[in-house]
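What follows is a single structure, written as structure tokens, with notes after it.
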Amino acid sequence: MNTEKTIEALSYLSAPRGGISMAQNGADMAAKVRDTIYRATIMLDDQRWDDWLNLCHDDFHYAIKSFSPEINKDMTYLQGKRKDIANLIRLLPKHNTDHSPLRRHTSVYTVDLADDGRSATAVSSFVVYQNLLDGINSHIDSGESRLFLVGKYYDTFSVEDDGPKFLKREVRIDERRLDKGSHWPI
Amino acid sequence: MVAKTHEQWLANPPLASGEWIDSRIYSDQGIFEEELDKIFKHTWIPVCHESELAKPYDFRTTSIAREPIIVTRGPDNVVRAFLNVCPHRGMLIERRPSGSFMEAQPSGNPKRMTCMFHAWQFDMKGNCVYISREKEGFQDRLTKEDVGLRRLRCEVKFGGFVWVNLDDNPVASLEDWAADAFGALRKTLDAEPLEVFHYHKAIVSTNYKLWHDTNCEFYHDFMHYHNRVTGFNDAYFARKNEAFNHGHIQVGTFEVNYDQYEGFESRAGLSFPHLPPNQWYMVDLFPGMNFNLRGSALRCDIVTPIGPNKVMIEFRGLGLKKDTPEERETRINHHNSIWGPFGRNLHEDLIGVTGQGSTTLPGSESRRVLHGRHENQTIHDENGMRHYYEEWSRWMNRMASDPSKPFTAERHVEVAAAE
């Protein structure tokens, strides 16, 4: 038997009279997971890196991956534990970075809660646009948005008493052409 | 005098001839077309790595100077290259970037390169082995023997890279072309099989030579916080920038202090064979290929010029084929933390060259770009670029400092001494 059940399906179960059902609890938690993913999107868009990391568990692991048909390999473009990502973020002001902000459009597709209610997984699609500030010639290019990345987030959450925390985020991008790339988490 | 009038701005700098170039060589469409014809169609280009076609009947497609190329591994395990063009009506034979001919295609059989258009088939040696309705259409006027693929000079060398030359009679064998430049690294690269673990590409608005310049000069390490904190010491500034025949250079090594960048670690545990810990070598080959070995990971850049102001750069990362999964993961981290598309240095390098590209758009005013630093052929000396542009001038029969004039040998003391 599958140890996880889709919360969307569970939410259709009726609650018993006079109390909140397990299904209702699950639906509430699924909503919290979705809310956490969307909050993360806003924090990443706003470059509130520390606020984003505060949504993450101490054991958080982050990775950006892509499959290359060119070399027939699954590739990891960036990965690290929470402290590694925190280091990269802390050192960003030391680096020369393209000033054009990245904006994400995220859609949560599925949320699955473990039977014990202590963890959850979610799959979301995302589109990342680069809202040009620098461009090639900022006089010409600034103000324009260009498609930067498309892919999916594969998230794992630890469900704590105070809500879900990101335990793992795998950012799986479709691109192998990344032009100037980025210093920022996606 | 600080700011300049237009006339002063366009005047030659107070440096010797050969210590600057004219920016028209980055922006002129006619010069770009000449470069494809005179340089890229006659020089050795590493198009991929043998690990990308590991098994018989594997293939990889690529292009040089707009000519489509297919590289195959035959049942005899030999890697060969052909124009990826059907001799019948010019259809691209294989459209995918990679794959295996072990699988049948809708128009053809397994173990054959099949042109989907009219089902002509070719074996892994480029021989035509099937023409649909051959006798009915061609009688005896044209046979399979008349229509083999165009084979190309192809060798696997210098760490397992696949090198192709469109010229049947190149100016030098591959060995003579690049062996000297690879000298200090050859034992390391050929000690055991390597394997590609990383691939991504950038198409950016700049001239291909400007990317190669960035790989040839280390003065721009001031742009890289990582390199400043892990590198700037006496040993770094003593690194030699050495010139070799055919326009190649090699930048000598020193011990990098990776742990000086917060969160990064020493790479000593996974050094490539025959290397002391945490070394950093660079080999830059004319006309625009780079091999960059930082202790535990090898990076290779291959440029494909698309226009005077547009270049595709393919980035590969390589480790040892025998790596355990744990070793490979560590190498990948080492590679990508600096050189990946989300790494600390590559993004900065690409911003730098696109900034140059934005000031050298086709039709923009010609300017002088300086290559005049002399520091006893050490790391911030610009002798590597001067050496490159002398070679470029020779191949193009144009002076890089004034491309309207034919090449005349004006060798510089430090380059001659290096050779």
Please specify each residue of segment A:132-154 satisfying the condition of being part of a strand (DSSP E or B) and touching an Asp or Glu at 6+ places or on another chain (Cβ under 8 Å). A:L149, A:V150, A:G151, A:Y153, A:Y154
Somewhere in segment B:234-250, is a residue in a loop (DSSP other than H, G, I, E, B) and closer than 29 Å to B:M312 by Cα? no
Residues (open to solvent by 10 Å² or more (accessible area, probe 1.4 Å), more than 13 Å from chain B (Cβ to nearest Cβ) and either closer than 17 Å to A:L102 by Cα or charged (D, E, K, R) (or both)) located in segment A:152-186: A:K152, A:E160, A:D161, A:D162, A:K165, A:K168, A:E170, A:R172
Residues that are modelled with pLDDT of 95 or more and among the β-branched types (V, I, T): does segment A:86-104 have at least one? yes
Pick out the one residue from B:P305, B:P325 that is over 21 Å from B:R228 (Cα atoms) and more than 14 Å from every other protein chain (Cβ to nearest Cβ). B:P305
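Please give the strands (runs of 3 or more DSSP E) falling wholly within segment B:41-89 in which 3 or more residues are within 19 Å of A:E70 (Cβ to Cβ) and touching an Asp or Glu at 6+ places or on another chain (Cβ under 8 Å). Step through it out loud before you land on a result.
Working: elements: B:45-49, B:58-64, B:67-73, B:79-83.
Counting at least 3 such residues, we get B:58-64, B:67-73.
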Please determine whether any residue of segment B:363-374 is of a type in the set (S, T, N, Q) and either within 21 Å of B:H224 (Cα to Cα) or in a helix (DSSP H, G or I) (or both). no
Looking at the structure I just gave you, is A:L113 assigned to a strand (DSSP E or B), surrounded by 17 or more Cβ atoms within 10 Å (Cβ to Cβ) and out of contact with any Gly (no Cβ under 9 Å at 6 or more places or on another chain)? no
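Which of the residues belonging to segment B:201-211 are of a type outside the set (G, A, S) and either within 14 Å of chain A (Cβ to nearest Cβ) or closer than 16 Å to A:K180 by Cα (or both)?
Residues satisfying the conditions are B:K201, B:I203, B:V204, B:T206, B:N207, B:Y208, B:L210, B:W211.
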Condition test on B:W44, is it over 16 Å from B:P403 (Cα atoms), away from chain A (no Cβ under 14 Å), touching a Leu at 6+ places or on another chain (Cβ under 8 Å) and among the aromatic types (F, W, Y)? yes
Provide a single number: the residues in segment A:99-109 that are in contact with an Asp or Glu (Cβ under 8 Å, 6 or more places away or on another chain) and either open to solvent by 30 Å² or more (accessible area, probe 1.4 Å) or not in a loop (DSSP other than H, G, I, E, B) (or both). 4
Tell me which residues, restricted to segment A:45-73, are in a strand (DSSP E or B) and more than 27 Å from A:P164 (Cβ to Cβ). A:F67, A:S68, A:K73
Condition first: in contact (Cβ under 8 Å) with a residue 60 or more places away in the chain, of a type in the set (A, V, I, L, M), open to solvent by less than 10 Å² (accessible area, probe 1.4 Å) and closer than 30 Å to B:T188 by Cα. Can you find one or more residues in segment B:393-409 that meet it? no
By residue number, the members of segment A:128-151 that are in contact (Cβ under 8 Å) with a residue 12 or more places away in the chain and at the interface with chain B (Cβ under 9 Å from one of its Cβ atoms) are A:D134, A:G135
Is it the case that B:S173 is outside the structural domain of B:P75 (by TED's automatic domain parsing), more than 30 Å from A:T76 (Cα to Cα) and surrounded by fewer than 15 Cβ atoms within 10 Å (Cβ to Cβ)? yes
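Return the residue satisfying two criteria in turn: it lies in segment B:62-109 and is of a type in the set (K, R) and farther than 16 Å from B:K125 by Cβ, and of such residues it is nearest to the chain's Cα centre (by Cα).
The residue in question is B:R66.
Suppose the filter is among the small types (G, A, S), more than 14 Å from every other protein chain (Cβ to nearest Cβ) and under 18 Å from A:V150 (Cβ atoms); does A:A40 pass it?
Spelling it out, A:A40 is indeed among the small types (G, A, S), more than 14 Å from every other protein chain (Cβ to nearest Cβ) and under 18 Å from A:V150 (Cβ atoms).
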Inside segment B:203-234, the number of residues satisfying the requirement of being open to solvent by 30 Å² or more (accessible area, probe 1.4 Å) and more than 25 Å from the chain's Cα centre (by Cα) is 6
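With segment B:93-161 as the region, which strands (runs of 3 or more DSSP E) entirely inside it contain at least 3 residues that are open to solvent by 40 Å² or more (accessible area, probe 1.4 Å), under 25 Å from B:C48 (Cβ atoms) and free of Cβ contacts under 8 Å to residues at least 40 places away in the same chain?
none
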Criterion first (under 26 Å from B:V283 (Cβ atoms) and surrounded by fewer than 21 Cβ atoms within 10 Å (Cβ to Cβ)) does B:A3 satisfy it? no
Considering residues of segment A:56-88 that are over 18 Å from B:S51 (Cα atoms) and of a type in the set (K, R) only, the residue nearest to the other protein chains (Cβ to nearest Cβ): A:K83
In segment B:235-246, is there at least one residue being crowded, with 16+ Cβ neighbours inside 10 Å and under 21 Å from B:V353 (Cβ atoms)? yes
Could you grab me the full set of residues in segment B:242-291 that are under 18 Å from B:T330 (Cβ atoms), away from chain A (no Cβ under 14 Å) and out of contact with any helix residue (DSSP H, G or I) (no Cβ under 7 Å at 6 or more places or on another chain)? B:A268, B:G269, B:S271, B:Q279, B:W280
Quick check on segment B:95-114: of everything there that is under 14 Å from B:N84 (Cβ atoms) and hydrophobic (A, V, I, L, M, F, W, C), which residue is nearest to the other protein chains (Cβ to nearest Cβ)? B:F101
Being hydroxyl-bearing (S, T, Y), more than 30 Å from B:R299 (Cβ to Cβ) and out of contact with any Pro (no Cβ under 7 Å at 6 or more places or on another chain) narrows it down to one residue among B:S100, B:S107, B:S51; which is it? B:S107
For A:K73, state whether it is free of Cβ contacts under 8 Å to residues at least 24 places away in the same chain, out of contact with any Ser or Thr (no Cβ under 7 Å at 6 or more places or on another chain) and surrounded by fewer than 14 Cβ atoms within 10 Å (Cβ to Cβ). no
Filter segment A:76-98 down to residues that are open to solvent by 40 Å² or more (accessible area, probe 1.4 Å) and over 29 Å from A:P164 (Cα atoms), then give me how many there are. 3
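The values are calculated or read from the model by the stated rules, or taken from the named source; none is laboratory data. Quantities reported herein were computed from a predicted structural model and do not represent experimental measurements. Heads up, the Cβs are rebuilt from the backbone with ideal geometry, glycines too, and the neighbour counts pull from every protein chain shown. To get the accessible areas, we keep the full protein, side chains included, count just its heavy atoms, and leave off ligands, DNA and RNA. Shrake-Rupley method; radii C 1.70, N 1.55, O 1.52, S 1.80 Å.
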